[in-house]
Amino acid sequence: MAESVAMPFASLTATQLPVVSKSSVKPTWCPGCGDYGVVASIEMALKRLKIPSKDVVIVSGIGCSSNLPAFLSSYGFHGLHGRTIPVAEGVRWGNHGLTVIGTGGDGDGFGIGVGHLIHAMRRNVKLTYVTMDNQVYGLTTGQASPTSRMGQKTKSTPTGVIENPLDPVSLALASGATYVARGFSGDVKHLTDLVANGIQHKGFAFVDVFSPCVTYNKINTFDFFRQRVYKLESAGHDPSNLGAAFQRSLEWGDKIPIGLFYSVDKPTYEDLEEVLAAGPLAYQSSGLKGREKLLDEFV
């Protein structure tokens, strides 16, 4: 756990420190938005794990879902479109005593940000990335996104999408993520389990969430998913079997799997990077002098 840097907390033990809760900022999502279930699951997961607020950083990009860091009492960073992952990586490497969670949507993460995502997964950086996947660009009023289904009519595709949708779970498996799961914001308890286990996982944890857009997507609704999703845990799936995980990830139709697809223990980027062997950069003795020298070169 990271060393405390906030003076009021200096005399408190880890169990006495305040944990993440709702902030004073009220969510601005449309009534009924699936993202309410996602923010609730992240809050409950962090409370379950009893991680102090001071040790949690939530990073986001741009989109409806990316407002999420403001709604919880942790540290947060609302970044640029598609840049969630590189910022989260930077935070993690600067102080890998912190719990770092990236949040965003299918447009932010699988469109402009997909290149960053792939490389973070193959590096096996120790962070958790939760995507709110609603199959449209919600913030910009309903254009087709990378996960919109073939034939789906949207503001930008009035005659139907003509491109194959990207499959986030298959992409994560192929890219080397060591914890790959999918949840549904209509089942907060199940989603909370997936997020909590992802946070505890030693490696890159990817949790894709079906999070319906009640305003601009009238196809992939809560009822659509409730009628189709089934839990891998109840289907005898072995999450240590990569081949079986790939097979499950390709299922789409009357039955759509949610749950833990794959989990494996492998060395993380932080384990293998020699510079980080001496501890978080923020607390290495040479860190301050090094930063001052670097800044002097640009002043």
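Values quoted throughout were computed directly from the atomic coordinates according to the rules given, and no laboratory measurement underlies them. Just so you know, these numbers come straight off a predicted model, no measurement behind them. Cβ placement follows ideal geometry from the backbone for every residue including glycine, while neighbour counts extend to all protein chains displayed.
If you check Val209, Val169 for being closer than 20 Å to Leu46 by Cβ, in contact with a helix residue (DSSP H, G or I) (Cβ under 7 Å, 6 or more places away or on another chain) and β-branched (Val, Ile, Thr), only one passes: Val209. Taking the stretch 74-171 and the strands (runs of 3 or more DSSP E) fully enclosed by it, the elements with 1 or more residues that are in contact with a strand residue (DSSP E or B) (Cβ under 9 Å, 6 or more places away or on another chain) and surrounded by fewer than 22 Cβ atoms within 10 Å (Cβ to Cβ) are at 75-78.
If a residue must be touching a residue at least 40 places away in the same chain (Cβ under 8 Å), aromatic (Phe, Trp, Tyr) and either assigned to a loop (DSSP other than H, G, I, E, B) or closer than 30 Å to Thr28 by Cα (or both), how many such residues does the stretch 211-246 contain? Looking only at that region, the number is 3.
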